[in-house]
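In what follows, a single structure is set out as structure tokens and then discussed.
The values are calculated or read from the model by the stated rules, or taken from the named source; none is laboratory data. Fair warning: this is a prediction, and the values are worked out from it, not measured in the lab. With ideal geometry, Cβ positions are generated from the backbone for all residues, glycine too; neighbour counts draw on all protein chains shown. Side chains included, ligands, DNA and RNA excluded: accessible areas come from the protein's heavy atoms. Shrake-Rupley method; radii C 1.70, N 1.55, O 1.52, S 1.80 Å.
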Amino acid sequence: MFPELPPISLTSIILDSVRIMFFLGFFLYLIFAFIAVRQIDIMRKTVVTPFAGVIQIIGMLHLLLAFGLLIFSFIYLA
Amino acid sequence: MPEIFNSAAQPSSSDTQIQPVVAVSAASSEKESKKKLSRHVDEYSLVMRQATPSSSSLKAYTAKPTDTFFDSQQRDEVVLLLLRQHPVTQVKWVFIGIILALVPFLLSFVGFLEFLPLRFQFVATLGWYLLVFGYSLEAFLNWFYNVYIITDERVIDVDFHSLLFKNVSYAKIDNIEDISATTSGALGSIFDYGTVRIQTAGAVTEFDFEHVPHPSRVTAFLNELLLEEEQENLDGRAN
């Protein structure tokens, strides 16, 4: 009834699915990292401390890593 | 009619210009005199007298913090005490973070991702570590920015739940009706942390300073502030 797929074709379907899941996951994570940066900005304005600058740098680093991983996965898994 | 009566009935334009200036200067001098009369916290608080000013931002109990402000702080208002939850209460997320960081090693022993090519496994591991980093960052932010602030005028509770919800509550020291401190559990007794509950007559009727260090010291300080406010009212020094 159903066409029988050769093993290579089945593997490529699985890998393609995993690849799409990675891309989607990393894209959603990028949105989360962006929201985190915005929230850090609001937090910094609410309570001003000498450590706030360091936290902002960590938040920006987190966003950069999320963006970098998305780009890296596009290149590396393509 | 003599000239003098006309001038009394209708003040000259120069007089009308002077009057507001005099009123403003009188108000400012009154404010200045009140400011001079309001005492320094060390004069009336034993708790603050024993504490040294601190510039460290990572402490859970910071008396007289330097370079620390909040968004609705008034010009003459001074932050006297900044509180966070005791570090011991944060061990849970640190522990979870360490366990999560070890998961890829554990999975490599089991061979959970063996069915994927190496490059996929590598990207998955990178993604996992980024996730752990994000989790730890959010947990740290929750601890660092959920603060309780006591100024010479008000009590402020800053709450950030997750990354999307912010709530800041204020109560004037004058409005405080009841203060209680609760220390519970073995860890609370060993590390001297607990919950300070403040009941007020304001819009927010209850403030809970949860798991803060030295709850009895915080309560003593709040009582000293209350007494000082009452004294200010009696002396007519209240703002």
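Checking the structure you have, find out if any residue of segment B:31-53 is more than 9 Å from chain A (Cβ to nearest Cβ), open to solvent by 80 Å² or more (accessible area, probe 1.4 Å) and in contact with a strand residue (DSSP E or B) (Cβ under 8 Å, 6 or more places away or on another chain).
yes
Give the residue that is farthest from B:Phe69 (Cα to Cα), with candidates limited to residues of segment A:33-55 that are open to solvent by 40 Å² or more (accessible area, probe 1.4 Å) and more than 7 Å from chain B (Cβ to nearest Cβ).
A:Phe34
Take the conditions within 7 Å of another protein chain (Cβ to nearest Cβ), surrounded by 15 or more Cβ atoms within 10 Å (Cβ to Cβ) and under 30 Å from B:Leu83 (Cα atoms) and apply them to A:Val18. Does it pass?
No; evaluated as a whole, the condition is false for this residue.
Give all pairs with beta carbons closer than 6 Å in which a residue from segment B:41-66 that is in a helix (DSSP H, G or I) meets a residue that is of a type in the set (Lys, Arg); count only pairs at least 6 apart in sequence or on separate chains.
B:Asp42/B:Arg49; B:Val47/B:Arg217
Restricting to segment B:175-217, what's the tally of residues that are farther than 19 Å from B:Gln90 by Cβ and not acidic (Asp, Glu)?
Qualifying residue count, segment B:175-217: 18.
Failed condition for B:Asp71, given (1) closer than 26 Å to B:Ile190 by Cα; (2) out of contact with any strand residue (DSSP E or B) (no Cβ under 6 Å at 6 or more places or on another chain), with all others met?
Only one criterion is unmet by B:Asp71, namely (1).
Identify, from the list B:Leu137, B:Leu163, B:Leu131, the residue that is under 30 Å from A:Tyr76 (Cβ atoms), modelled with pLDDT under 90 and either of a type outside the set (Lys, Arg) or not in a helix (DSSP H, G or I) (or both).
Just a single option satisfies the conditions, and that option is B:Leu163.
What tally of residues in segment A:56-78 results from selecting those that are open to solvent by 80 Å² or more (accessible area, probe 1.4 Å) and at the interface with chain B (Cβ under 7 Å from one of its Cβ atoms)?
Of the residues in that region, 2 qualify.
Out of everything in segment B:54-77 that is open to solvent by 70 Å² or more (accessible area, probe 1.4 Å) and within 14 Å of the chain's Cα centre (by Cα), what residue ends up being farthest from B:Asp235 (Cα to Cα)?
B:Leu58
Could you grab me the full set of residues in segment B:195-233 that are part of a strand (DSSP E or B) and free of Cβ contacts under 8 Å to residues at least 60 places away in the same chain?
B:Thr195, B:Val196, B:Arg197, B:Ile198, B:Gln199, B:Thr200, B:Glu206, B:Phe207, B:Asp208
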